[in-house]
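The values are calculated or read from the model by the stated rules, or taken from the named source; none is laboratory data. These figures come from a predicted structure and were not determined experimentally. Neighbour counts are summed over all protein chains in view; Cβ atoms, including those assigned to glycine, are modelled from backbone coordinates with ideal geometry. What goes into the accessible areas is simple: the full protein's heavy atoms, side chains included, and nothing from ligands, DNA or RNA. Shrake-Rupley method; radii C 1.70, N 1.55, O 1.52, S 1.80 Å.
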Amino acid sequence: MDMWLSESQIKDAAMTYKVKETLVRRKTPFQDLAIVDTEAFGRMLLLDGIVQTTINDEYVYHEMITHIPLLTHPNPKKVLVVGGGDGGTIREILKHPSIEKAVLCEIDEIVIEECKKYLPEISCALTDPKCEIFIGDGIKYVHEHKNEFDVVIIDSTDPFGAAEGLFGGSFYKEIYECLTDDGIFVAQTETPFYLPEVVKKVYDDAKAVFPITKLFMAGIPTYPSGYWSFTLGSKKYDPEKANVIDKYDLDTKYYTKRLHSASFVLPKFIEDLTK
Ligand code: AG3
């Protein structure tokens, strides 16, 4: 008997995967967690039925959410990740030689526990001595740490329920204050195909706070529509003008120095959301 898993993306569309095996399924105090092995994408993490990451395409998301801000900043030393309990973003951050400390603030420690067990390729850097794990609310953590981080990355789930507070203007003001004088913020901000109003709102909210605000895109096959947006807010450095050419080379599969600025070139319907 074939087993199939579906994530509904809008009322009338869904993406479906053939499942080999369910490795873990458990209710945490915050969400319904599952890690399943799929035929097409390998092991896959789901939270409340929403695909978070898979072994076969995780590199796109984790490289882009990390290397775009970290290679825009000339010398990032301290980085905060809010969410991201699978550890993929931390793994990418620690590829940068300037990093002294990467803090992971994750509300649900069971995500970390299960990803360490079943997704070691992604979670492998969570035990690195430069990684500090804080279990708790990201909004509170950001509020309590002022002028401290060179880069803040919001590696959250979708903006409904638990993660809703991570997608608003008042939180972006707090992030602004949590950043150093030349700090940069990046968040995953959904797909403009299905949620253009979310993309627009996040962009406008970030723009009201940061002097430089830009959207960039990446192709992620297991996220709704396969085409995903990220929003970047920066106090000083323009990511499109960053001199990444002279910087060190990284071991990547998706990110390249040429792609860095190219990912900010937007199709018209997305560019229109930024006007
Ligand atoms: N968090 C962003 C997942 C968003 C995907 N949305 C969806 N499938 N509807 C990814 C966490 C990876 N570190």
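Quick notes on this structure:
- Lys78 passes every criterion in (1) within 13 Å of the ligand (Cβ to nearest atom); (2) in contact (Cβ under 8 Å) with a residue 12 or more places away in the chain apart from (1).
- Long-range neighbours under 9 Å by Cβ, at least six apart or interchain, first residue under 18 Å from Phe41 (Cα atoms) within the stretch 6-21, second modelled with pLDDT under 90 and open to solvent by less than 40 Å² (accessible area, probe 1.4 Å): Met15/Gln9
- Residues located in the stretch 146-170, provided they are out of contact with any Asp or Glu (no Cβ under 8 Å at 6 or more places or on another chain) and away from the ligand (no atom under 16 Å from the Cβ): Glu148, Phe149, Ser170
- Test: residue in the stretch 174-194 that is part of a helix (DSSP H, G or I), free of Cβ contacts under 8 Å to residues at least 24 places away in the same chain and surrounded by fewer than 19 Cβ atoms within 10 Å (Cβ to Cβ): no
- Residue in the stretch 256-264 that is within 16 Å of the ligand (Cβ to nearest atom), at pLDDT 95 or above, in contact with an Asp or Glu (Cβ under 9 Å, 6 or more places away or on another chain) and not in a helix (DSSP H, G or I) present: no
- Among the residues of the stretch 199-237, just one is hydroxyl-bearing (Ser, Thr, Tyr), open to solvent by 30 Å² or more (accessible area, probe 1.4 Å) and touching a helix residue (DSSP H, G or I) at 6+ places or on another chain (Cβ under 6 Å), namely Tyr237.
- Scanning the stretch 131-173 for residues that are open to solvent by less than 60 Å² (accessible area, probe 1.4 Å) and β-branched (Val, Ile, Thr) yields Val142, Val151, Val152, Ile153, Ile154, Thr157.
- Scanning the stretch 84-130 for residues that are open to solvent by less than 10 Å² (accessible area, probe 1.4 Å), acidic (Asp, Glu) and touching a residue at least 60 places away in the same chain (Cβ under 8 Å) turns up Asp108, Glu114.
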